[in-house]
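The values are calculated or read from the model by the stated rules, or taken from the named source; none is laboratory data. Computed from a prediction, not measured in an experiment: that's the story for all the values here. Cβ sites come from the backbone with ideal geometry, for glycine too, and all protein chains shown count toward neighbours. Ligands, DNA and RNA are stripped out before the accessible areas are found, and what is left, the full protein with its side chains, is counted by its heavy atoms. Shrake-Rupley method; radii C 1.70, N 1.55, O 1.52, S 1.80 Å.
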Amino acid sequence: MLATEIVANGTDFKVFVVTNDVPNARQMAESASGMLFVGTRRAGKLYAVVPPTNPTSDPEVVTFASGLTMPSGVTLLNDDLYVGALNRILRYRNIETTFRNRPQPEIVTEELPRKRHHGWKYLSVGPDQHLYVPVGAPCNICLSKDERFASILRIDPKTGVSELYARGVRNSVGMAWHPDTHQLWFSDNGRDMLGDDVPAEEINVVEKPGAHYGYPFVHAGDIVDPKFGKEIEKRVFVPPVLRIQAHSAVLGMDFYTKNAFPPSYRNALFVAEHGSWNRTQKVGYRVSVIRTAPDQTLTYEPFLDIWLKGQKASGRPNDVLVSRAGNLLISDDQEGVIYRVEYVGES
């Protein structure tokens, strides 16, 4: 059955359901052949979504690993699939040719913190061919002795050796490398229990490795924490480049570097807003787009807002991925769906 069109009216984009057979779908990675590998958080499984040879057929979904602890982060490097599963980074060699055989992973490292609170991972490969891995704070608000908490680590995939790349990052579940500057952009979800609109979610940029982004002392660049703010002293914090509505839960992100969308989307940053869980009125549950103007100011607006009707959410976008064909893929971990957004307007 051909993927089902679900949105088209009045826009130059159409949205298709690629598959609804990937329960708890989180981060996605696409191979050279167009095969998708998808991580999960609660399901403990890894999926391969195999494109059909017949365009009128559905893709095949293969579960090639199970029983893992929050294997939510996935990325590809040199034909190998890397998976972030709580305290472990795993490597599945030559995944395109082995996924049907229940492959056994190699352990890159199993020395990451084991705390489950904000322990799910998001993985990215940098221009230096190293892995970049966030380690979330093990709490809502706290100051940990282990400085790997509330950070982004740079990990050598050959040795598993890690170093701090960014500090003061409460809970990042999205990273992308700017196609021109090659700087790391990352999302960060603000602390809870300060109200419906405080603090804002953050989009940050790493201009200098090792810099501190505020947590737990300062949130969203200028909101002093009521408990830890008194410990600021002479610390220097990097403010976010963009603030987004509190509790939107900005997660996966990707820069648009293809040509299938109009030129106005070139180098735009797509972000998945997973949606609020503890706000009086729900916010998020959509995909938004951030553009950089000629004067380097950023603009932000909704791109696909179909999952929240009133106070009822029909899905939770978790990750976005620009496919090799130039379409935008979106994972929904609530409904277990992968969507594909295509541009159908005039070129």
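Observations, loosely collected:
- Pairs with Cβ under 7 Å, 6+ apart, first in segment 162-190 and free of Cβ contacts under 8 Å to residues at least 12 places away in the same chain, second open to solvent by less than 10 Å² (accessible area, probe 1.4 Å) and not hydroxyl-bearing (Ser, Thr, Tyr): 163/153
- Among residues of segment 284-314, those that are out of contact with any Ser or Thr (no Cβ under 9 Å at 6 or more places or on another chain) and surrounded by fewer than 20 Cβ atoms within 10 Å (Cβ to Cβ), counted: 10
- Which numbered condition residue 254 fails, given (1) acidic (Asp, Glu); (2) part of a loop (DSSP other than H, G, I, E, B); (3) modelled with pLDDT of 95 or more: (2)
- Among the candidates 98, 63, 53, residue that is more than 26 Å from residue 334 (Cα to Cα), of a type in the set (Val, Ile, Thr), in contact with a strand residue (DSSP E or B) (Cβ under 9 Å, 6 or more places away or on another chain) and without any contact (Cβ under 8 Å) to a residue 40 or more places away in the chain: 98
- Extreme residue, nearest to residue 277 (Cα to Cα), among residues of segment 183-212 that are open to solvent by less than 10 Å² (accessible area, probe 1.4 Å) and not acidic (Asp, Glu): 199
Here is a yes/no grid of residues against (1) of a type in the set (D, E, K, R); (2) open to solvent by less than 20 Å² (accessible area, probe 1.4 Å); (3) at positive phi:
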site	(1), (2), (3)
173	no, yes, no
181	no, no, no
217	no, yes, no
225	yes, yes, no
234	yes, no, no
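- Annotation note: Cβ proximity below 9 Å between a residue of segment 285-314 that is acidic (Asp, Glu) and a residue that is assigned to a loop (DSSP other than H, G, I, E, B) (sequence gap 6+ or interchain) occurs for 305/285.
- Answer from 154, 243 - the residue that is open to solvent by 60 Å² or more (accessible area, probe 1.4 Å), out of contact with any Cys (no Cβ under 8 Å at 6 or more places or on another chain) and assigned to a strand (DSSP E or B): 243
- Residue in segment 100-127 that is most open to solvent (accessible area, probe 1.4 Å), counting only those that are within 22 Å of residue 25 (Cα to Cα) and not in a loop (DSSP other than H, G, I, E, B): 100
- Evaluation of residue 97 against the conditions (1) in a loop (DSSP other than H, G, I, E, B); (2) open to solvent by 70 Å² or more (accessible area, probe 1.4 Å) shows that the sole unmet condition is (1).
- The set of residues in segment 217-240 that are part of a strand (DSSP E or B) and under 24 Å from the mean Cα position of the chain (by Cα) comprises 218, 219.
- When we screen 286, 279 for residues that are modelled with pLDDT of 95 or more, touching an Asp or Glu at 6+ places or on another chain (Cβ under 6 Å), of a type in the set (D, E, K, R) and over 24 Å from residue 184 (Cα atoms), the only hit is 279.
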